[in-house]
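Nothing in this text is a laboratory measurement; each read-out follows from the coordinates by a stated rule. Nothing here was measured: the structure is a model prediction, and the numbers come from that model. Glycine also receives a Cβ, built like all others from the backbone with ideal geometry; neighbour counts cover every protein chain displayed.
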Amino acid sequence: MTGSVTLAPNATAPVSPRLGSVAAAAISAALLGANVLSYGFTVLAARVLAPATYGELAALMGLLLVGAVPSAGLQTAVALHLGRACGRPDVRGLHAAALVTALGVGAAGLLAVAPVMHLLHLPDAAAVCWLALLLIPHTVIGGYQGILQGRGSYRGLSVITAGFGLAKPLGGAAGLLLGGTPTAALAGMALGGCAGAVIGWVGCGRPGVQRGMREPARSVLRASGALLGFVVLLNLDLLLARHYLPAAAAGEYAVASLFAKIAFWLPQGVGVVLLPRLADPEQRRRTLPSALALVAGVGTVVALATAALGSRALPLVGGAAYGAELGSASWLFAVLGTLLAVAQLLVYSGIAAADRVAVAAVWTAAVAECAVATALAGAGLLTVTTLAVTAVAVASVVVGAGLVRALPGGRRTRSGTVIAQRD
C-alpha cells in the first residue's frame, strides 16, 4: 500500500457470485444488528440521563469512534497480509501485532485523559479512563476480523461481528441501568467489549503469539491514517457541540444527531456489498452511480419522515426535555446523515482508485468545519441549528467534490482494493 487503504474480501481465493452474495448478506445482517443495538443503547441513554449528562456520554461515544480507527486499520492490514499469502499461513505474528496495537491504543487513551477532560469540560476522569480501556478490546477485535476476512471465513466473520456488536451495548446498558451515569455506562461497555474480544479469539481458533509483526504494524499505521479523516468528519459536529454549546444545548444536539445516525446506518449494507467491486475500475464506473442513488434514496425517506414529524420528532426519541431549541428542524440531521453516507461511498471509491485527493478533501473539510464553528462561537452565533447547518454545508461540499472526481472523464487513478469499515 502507498498512502491508501487496500482491503477486500476478494483478496483471498475467488468466491462464486452466489456464495459472495450470501456472505455479503450475512455480514450486512451482522453490521445492521450491531448498529441497531448501538442505536437502542443511545435511545436508552437519552431516556435515562439528563440532557447535560447525555451530552457528556454522546461526546465520549464520538471519541470512541475516532479511537476505534486503528481497529479498522488493523483489520485492513491483516486481511491484506493473509490475502497475499499462499495456503494457510501462521497467524500468530499477526495476532501479536493486534495485541501490541491494542495495548498501544489503550495507553494513548490513558495519556489523553487530561486533555479530553479539558476539551469536553468533563467533571469525572473515570469516564475517560473507562473509554481508554474500552479501546483495547475494540482494537483487538479488528485483528480477529481481519484474520477471518483474509481467510475467507465469512460465516465466522459474521458471528464475531454480531457477538461483539451484542456484548458491548448490552454491557453499556447494564452499567447505565445499574449506575445511572456515563461512567457506569462506559464501564459496562468496557467489560462487554472484553467479552466480545474473547468471542473473537475463540472464533479465530484461539491463536497464540510469535515474533514477526513489524510489517503488519506498519500497514496498520498506513491504513489507519487513510481511514481517520472520514471518521473525524463523521463525529466532529458532536464534539464541537459539546465544546462550544451550553451543556443542555449540547445534549439536545446529541439527541438530534440520532436522526443523522439512522440515515447514515440504514444503507450501510449497500457499502458492504459494493466496496469489493470498487477495486475494479470498470465495475466501479458501472455500479457506483446506482449505489449512490440507492443510499441517497434511503436517506431521503428518513429525512421526509423526520420532516413530517416536525417538532414532535425530538421528544419522540429523547423525551419531553428535548426540542426547545431545535423545534421542527430535526430533518436537518437526517439530511446530514444522508450526505455523510453518500460521502462515505465516494471516499471509499477514491481510496479504491488510490486517489489521494479524495482522502485529503475529507481532512480539509474537517478543518473547515472547525474554523467555521469557532468563528460562529466567537461571534456569539453558534446554536444547535447553526452548527447543524454548518455540518450540512461541509458535507455537501465533500459530496460535490467526490461526485466531480467520480464522474466519467475525471482524473483516472490506479486501481486499489477496499473492504468495508466496521462501525
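Of note:
- Between Thr386 and Met117, residue separation times 0.36 nm minus the direct Cα-Cα distance comes to 94.3 nm.
- In sequence order, the stretch 388-404 has phi-based couplings of 5, 4, 4, 5, 5, 5, 5, 4, 5, 5, 4, 5, x, 5, x, 5, 4 Hz under the Karplus curve 6.51 cos²θ - 1.76 cosθ + 1.60, θ = phi - 60°, and Gly or Pro positions carry x.
- Available extension along the chain between Thr300 and Tyr39 is 92.0 nm, counting 0.36 nm per residue and deducting the alpha carbon span.
- Each residue of the stretch 251-256 is assigned a 3J(HN,Hα), and the resulting list reads x, 5, 4, 5, 5, 4 Hz, derived from the Karplus form 6.51 cos²θ - 1.76 cosθ + 1.60 (θ = phi - 60°), x at Gly and Pro.
- Two-site FRET efficiency, Ala108 against Val367, from Cβ-Cβ distance with R₀ of 25 Å, rounded to 0.05: 0.70
- In terms of surrounding Cβ atoms within a 10 Å radius of their Cβ, Thr338, Thr385, Thr42 rank from fewest to most as Thr385, Thr42, Thr338.
- Ala29-Gln283 FRET efficiency (beta carbon distance; Förster radius 25 Å; 0.05 resolution): 0.60
- In this label model, Val202 and Ala375 are separated by 5.5 nm, measuring between points 7 Å along each Cα→Cβ vector.
- The three principal axes of the Cα atoms in the stretch 155-216 give end-to-end lengths of 44, 27, 16 Å, sorted in falling order.
- Here Arg92 and Leu65 are evaluated by their C-beta separation; at R0 = 41 Å the FRET efficiency comes out at 0.85.
- Inter-probe distance in nm under a simple model that places probes 7 Å from Cα toward Cβ, at Ser311 and Val209: 5.8 nm
- Full-extension gain in nm, Val404 to Ala293, via 0.36 nm per residue minus C-alpha separation: 38.4 nm
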